[in-house]
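Participant: Shown below is the structure under consideration.
Bear in mind these aren't lab numbers, they're just calculated from the coordinates by the rules spelled out. If you're wondering where the values come from, they're calculated on a predicted model, not measured in any experiment. Cβ: placed from backbone, ideal geometry, glycine included. Neighbour counts: every protein chain shown.
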Amino acid sequence: MFALTPFERHNDLFDDFERSFFGAPQRFSGFRTDIKDEGDKFVLEAEMPGFEKEDIKLDITGDCMTLSAEHTETKDEGEDKKYIRRERSYGSVSRSFDLSGIDKDNITAEYKNGILYMDLPKLQPQQPVSRRLEIR
């Protein structure tokens, strides 16, 4: 029954060799993040291997933080490169996070060994202000 499927390649030795030698192609995907609650703050850790610190952008608009990064292809002048296989991808990734309840003025970020570490301090609850009114 399987041999009757039209247009399907069977027993292509070179194709099987290529797949086993080079592995299955992988696509450029987003980045993974972990967020920990440490009581007075959240700690966000984003895996961003292969990016330079200068390629990463953090933008805050209202209660939304957008974390984005871009890989760009470098052109070597005068060199004609003929790739047999190319798996390194070029493009951009982006994710947005809700910052409700976060003290946006005190967010800190550090990029080390392909991981972006961010401290997101929680807003402290406002204590009700009490005052005494004077009677006239």
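Participant: For segment 31-43, in order, what is each residue's ³J(HN,Hα) by Karplus, 6.51 cos²θ - 1.76 cosθ + 1.60 with θ = phi - 60°, in whole Hz (x at glycine and Pro)?
Facilitator: Residue by residue, segment 31-43 yields 10, 9, 10, 10, 10, 10, 9, 10, x, 8, 7, 9, 10 Hz.
Participant: Sorting check: for 34-47, 118-131, which peptide has the highest mean count of neighbouring beta carbons within 10 Å, and how do the rest follow?
Facilitator: 34-47, 118-131
Participant: Sticking with this structure for a sec: Here is the link list: Lys53/Lys112; Lys57/Lys122; Lys36/Lys122. Which ones come out longer than 18 Å on Cα distance?
Facilitator: Lys57/Lys122
Participant: Please give, to one decimal in nm, the separation of the simple spin-label points placed at Leu123 and Asp105, each 7 Å out from Cα toward the Cβ.
Facilitator: Going from the Leu123 label point to the Asp105 one covers 1.3 nm.
Participant: Calculate, in nm to one decimal, what Ser92 and Leu133 gain on full extension: separation in residues at 0.36 nm each, minus their alpha carbon distance.
Facilitator: 8.9 nm
Participant: Right, another one. Provide Leu58, Leu116 in ascending order of the number of other Cβ atoms located within 10 Å of each residue's Cβ, fewest first.
Facilitator: So the ranking, lowest neighbour count to highest, is Leu58, Leu116.
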